[in-house]
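Please read the structure below before turning to the comments.
The values are calculated or read from the model by the stated rules, or taken from the named source; none is laboratory data. Please read these numbers as outputs of a predicted model, since none were measured by experiment. Because the Cβ atoms are built from the backbone with ideal geometry, glycine has one as well, and the counts that use them run over all protein chains shown.
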Amino acid sequence: MARDRISICRQAARIVAVLAGASLMAGCTPPAPSHRAIGAPTIVSLNPCIDAILVEVAAPDQVLALSHYSRDPGSSSIPAVSAARYGVTGGTAEEVIALAPDMVLASIFLPQPTRTALERAGIKVETFGSPTSVTASIAQVRAVAALVGAKTEGEALAARIAAPASAPVGAPIATLLWQPGEIVAGEATLIAELLRQEGFASHAAARGLGQADHVMLESLLADPPALVLVAGDAPGQRHPALAAAMRSTTIAAFDPALLYCGGPTIPKARARLRAIRAEVERHL
């Protein structure tokens, strides 16, 4: 009987190992470690885009707090369920110092008085800008992963981001990305690069518009592109005339959470753009 129980346990262990390996391959990337490695620093993030990278590469018990932006659906690039697992701060030096992290990761726009207070408290501070290309985003992921001692997880995320763009068939689709506030993106932005890579041509650039230029509903109706990606909820963007007056234009929703950060947002944005392009091509 004892030998039978040992045999059963060994078989069960092999099954678990096989299932775990299959799960790992299906996900294409190993999960972040559940507990921080010995010597890995504890972290507080004050930047919503760094938040999104951290929850992918760092151990949960390594991240003492994310930025408060990650609890705001209007500014977060993290699913609400994931963000709720972490504490947050309002970004004040007092709140951060009370948590006693080894390191703070923040935006390059971190106020100098806050940085000075943190460093005087013996906390290392690293700041990051907003990547404007896929290459820059990959470099940022690797930099964050190296700082938190998660190079393996960082390389797995970098590989997902670097996955080649699709090879669209046919001419680029004239597209206006209508962002919150009824503005458009400039050409030197990450989302503009993704649009180009996925087979979309900028209708805003063709009209001579640049970063954050405003587009009224009336001007859009007067000169419609083949596709409008609506990423906001301003009155003009929700107006019934948008679809009624542009019958030869496809209107598609685009989640604003896919606009502002690189890192793990990039594969999600690519997937959405590919789905939209496939839908447009079906109706051409």
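A few remarks follow.
- Evaluation of Arg71 against (1) surrounded by fewer than 20 Cβ atoms within 10 Å (Cβ to Cβ); (2) more than 23 Å from Leu258 (Cβ to Cβ) (one fails), failing number: (2)
- Restricting segment 89-102 to residues that are aliphatic (A, V, I, L, M) and buried (at least 18 other Cβ atoms within 10 Å of the Cβ) leaves a set whose member that is farthest from Arg160 (Cα to Cα) is Ala93.
- Selection status of Ser82, closer than 23 Å to Pro264 by Cβ, modelled with pLDDT under 95 and not assigned by TED's automatic domain parsing to the domain that holds Ile50: no
- Residue identified as of a type in the set (Gly, Ala, Ser) and modelled with pLDDT of 95 or more among Ala205, Ala165: Ala205
- Test: residue in segment 63-77 that is aliphatic (A, V, I, L, M), touching a residue at least 40 places away in the same chain (Cβ under 8 Å) and within 18 Å of Thr114 (Cβ to Cβ): no
- Residue-level check: of (1) touching a Lys or Arg at 6+ places or on another chain (Cβ under 8 Å); (2) under 24 Å from Ala275 (Cα atoms); (3) surrounded by fewer than 20 Cβ atoms within 10 Å (Cβ to Cβ), Arg238 misses just (1).
- Unmet criterion (only one of (1) more than 17 Å from the chain's Cα centre (by Cα); (2) at pLDDT 95 or above; (3) outside the structural domain of Ile97 (by TED's automatic domain parsing)) for Leu221: (2)
- Any hit, segment 181-200, residues being more than 22 Å from Asp255 (Cβ to Cβ) and in contact with a strand residue (DSSP E or B) (Cβ under 9 Å, 6 or more places away or on another chain): no
- For segment 220-260, a residue qualifies if it is over 25 Å from Pro73 (Cβ atoms), part of a loop (DSSP other than H, G, I, E, B) and in contact (Cβ under 8 Å) with a residue 12 or more places away in the chain, and the qualifying residues are Asp223, Pro224, Pro225, Ala226, Ala245, Met246, Ser248, Thr249.
- Conditions (1) surrounded by fewer than 19 Cβ atoms within 10 Å (Cβ to Cβ); (2) not in a loop (DSSP other than H, G, I, E, B): number failed by Val141: (1)
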